[in-house]
Amino acid sequence: MNRPLYELELRVGILMGVSEALREQCFAIACDKSPSAGFNLACRAAQQHGMSGMEAISVAKATRWLAVIRRDHGDTTFTEAVARLNTPTV
């Protein structure tokens, strides 16, 4: 089942609240890994950035959903989603 893109982007939004370094690391993970592998790696990355267990799981889930965007909606849509996440909001 493919989830609608807007729903996936809402789930990924948590990455806007993390450090730029961690966010970029999560983007790179989601770009190269499956959703499941992305979850595991992002959880470890978040913990290495000093996040608690629950915070790290939130980041890992968001990274997994970002990988789902790439898998289900394609590389172009993934790139556009990453660009929107990197755009500062007012």
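The values are calculated or read from the model by the stated rules, or taken from the named source; none is laboratory data. These numbers come from a predicted model, not from an experiment. With ideal geometry, Cβ positions are generated from the backbone for all residues, glycine too; neighbour counts draw on all protein chains shown.
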Q: Working only within the range 51-90, note down all residues that are over 17 Å from GLU20 (Cα atoms), surrounded by fewer than 20 Cβ atoms within 10 Å (Cβ to Cβ) and touching a residue at least 40 places away in the same chain (Cβ under 8 Å).
A: LYS61, ASP72, HIS73, THR77
Q.
For the range 1-33: of the residues being more than 12 Å from the chain's Cα centre (by Cα) and polar (S, T, N, Q), which is farthest from ARG71 (Cα to Cα)?
A. SER19
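With respect to LEU8, determine if the residue is out of contact with any Lys or Arg (no Cβ under 9 Å at 6 or more places or on another chain), at pLDDT below 95 and buried (at least 18 other Cβ atoms within 10 Å of the Cβ).
Working: out of contact with any Lys or Arg (no Cβ under 9 Å at 6 or more places or on another chain): yes; at pLDDT below 95: yes; buried (at least 18 other Cβ atoms within 10 Å of the Cβ): yes.
Against the criterion (out of contact with any Lys or Arg (no Cβ under 9 Å at 6 or more places or on another chain), at pLDDT below 95 and buried (at least 18 other Cβ atoms within 10 Å of the Cβ)), LEU8 qualifies.
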